[in-house]
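Asks: First the structure, then my questions, so here it is.
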Amino acid sequence: MRCPSCGNENRDEAKFCDSCGTRLEAPDAAPVEAAAGTPTGALPRLPANAPELVAGRFAVRDFLGRGGRKDVYLAHDERDGRDVAVALFEVEGMGEASLARARREMAAMERLGEHPHVVPVFETGEDGGRPYIVSAHMAGGDVARMLATAAGGRLDWERTVEIGIDVCRALEHAHACGVVHRDLKPANVWLDEQGTARLGDFGLAVTGAARGAGVLVGTVAYLPPEQALGRATGPRSDLYSLGALLYQMVAGQPPFLGDDAVAIIGQHLNAEPVAPSRHNPQVPSSLDELILELRDSLGATIVVVTHELPSIFAIADDCVFLDADSRTMIATGPPKELLAHSDDPRVREFLTRGEKGRAHG
């Protein structure tokens, strides 16, 4: 479905544009019959220009989607005997831009290496002048598709917290490696066969704090103010986008809606969103507070500390407890630094146990 505001091609079932966040209205049309032997809800059929083989090794089987100037296919690796996702970048008419995006993603993946909450990348290269990236096939699909097919376009807050913790662990690792994602959104969070969330598509990622070039990059619905203004971005920018992502997952819509990208950016710069619980009364007040606090980019880094702790679900001055049974804390600074100046006894107990656990690990 094409967005009337920015022209982005979205999934047929999408309720909001993946690029600018504009609400999409489904066109009135007669139902289309599925291809013979294709069950309803199956993967889209291959486009006419789809390759049969990529890099002489990856046999294309299905079309997974399009985004970020690239087509993504389900393919079979004939050498290693496994199914993979192959992202093939478009270069016609915009070769340098596509090449730059592909190189950024390749460089980011080299820095990140293997991590349980980052989509694994197996190979990168060029085929016929088109850059490609081969990654693990995420059988669970992405969060955007989950939201598009969920009742009310939202998830249970408990499931949102689970996915949020996984994404935070991915961000912790990325930031520790000096990588800022800059495009955190539902379409870039994937689920593996076990339902574990993994962060993918590092095509806009930068290493370290990126100097602003006066150019807007990213997805408008989740865009931190400094990125919207083309200014320098850093790890804090990802935290703002994380808040917007969690907001949509529990509220069923992004924090701000508008008729076009300019209207949405204006709200990011000048407005405060209503609490997610206004859209979904099941959202706990503590999660409300967490999501709105993340918009303020609490800190420059994000650290995940996991260990046993009596049940707490709250926000302290220097950290947030993001797990329903409080086995996990998402902190906005290194535990030792937080411990040195935190006055909250719950935080001190949590961090002390975490440091002891690390010392004995």
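Readers should treat all values here as calculations from the given coordinates under stated rules, not as data from a laboratory. On a predicted model such as this, the values are computed, not experimentally measured, just so you know. Positions of Cβ are generated from backbone atoms using ideal geometry, with glycine treated the same way; all protein chains shown enter the neighbour counts.
Asks: Given Cβ point charges of +1 (Lys, Arg) and -1 (Asp, Glu) and nothing else, what value in debye, to the nearest 20, does the dipole of segment 53-136 about its Cα centre take?
Replies: 200 debye
Asks: OK, next. Applying 1/(1 + (r/R0)^6) with R0 = 30 Å to the Cβ-Cβ distance of E52 and T196, what FRET efficiency is obtained, to the nearest 0.05?
Replies: Once rounded, the FRET efficiency stands at 0.40.
Asks: Related question: Go ahead and run the numbers for FRET between R278 and R82, Cβ-Cβ distance against an R0 of 35 Å, rounding to 0.05.
Replies: 0.15
Asks: Sticking with this structure for a sec: Give me the number: length gained by fully extending A176 to E126, i.e. 0.36 nm times residue separation minus the C-alpha to C-alpha distance, one decimal in nm.
Replies: 15.1 nm
Asks: Mind grabbing the base-10 log of I(q)/I(0) for segment 53-136 at q = 0.22, 0.23 Å⁻¹? Debye formula, identical points on the C-alpha positions, no solvent, two decimal places.
Replies: For the requested q values the scattering log ratios are -1.10, -1.18.
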